[in-house]
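Here the structure comes first, spelled out in structure tokens, and everything after it is commentary.
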Amino acid sequence: MGEAAVALGDRLRDPAVAHTVEEIEKVMRGFSLTVEGMSVGLDGVTEWLRAAGHVGPLSGHASVMSERLSHIGKELGRLAEAIERAQQRAS
């Protein structure tokens, strides 16, 4: 998944590759879902760390990172919605 995201990032960065607004919206929605999934996964890791006795800085850091990923996922979703609205207005 990480390698695919890097490849997609390289493709998006390449000015020789044409993109549509619809394509960019879909990419943002995909990024949003991916990051939200990472947040849920990190929640699971946090719980596992706590159950395994790693209470403290390690599980605390994992918990904070999960919250940050959740926030980023929501912001990416909002960006996708804004792109969709802009596309609808332009049509």
Is it the case that some residue within the range 60-80 is in contact (Cβ under 8 Å) with a residue 60 or more places away in the chain and assigned to a helix (DSSP H, G or I)? no
Please list, ordered by first then second residue, the pairs with beta carbon atoms under 6 Å, 6 or more apart or interchain, first in the range 30-50 and touching a residue at least 24 places away in the same chain (Cβ under 8 Å), second of a type in the set (Val, Ile, Thr) and open to solvent by 50 Å² or more (accessible area, probe 1.4 Å). Val35/Ile72
Conditions: (1) of a type outside the set (S, T, N, Q); (2) modelled with pLDDT under 95; (3) open to solvent by 100 Å² or more (accessible area, probe 1.4 Å); (4) assigned to a helix (DSSP H, G or I). Val55 meets all but one. Number of the miss? (4)
Name the residues in the range 25-35 that are over 17 Å from Glu3 (Cβ atoms) and either open to solvent by 50 Å² or more (accessible area, probe 1.4 Å) or basic (Lys, Arg) (or both), would you? Lys26, Arg29, Leu33
Could you run through the range 81-91 and say how many residues are without any contact (Cβ under 8 Å) to a residue 60 or more places away in the chain, assigned to a helix (DSSP H, G or I) and of a type in the set (S, T, N, Q)? 1
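The values are calculated or read from the model by the stated rules, or taken from the named source; none is laboratory data. Remember, it's a predicted structure, so these values are computed and weren't measured experimentally. Cβ: placed from backbone, ideal geometry, glycine included. Neighbour counts: every protein chain shown. Surface accessibility is based on the protein's heavy atoms, side chains included, excluding ligands, DNA and RNA. Shrake-Rupley method; radii C 1.70, N 1.55, O 1.52, S 1.80 Å.
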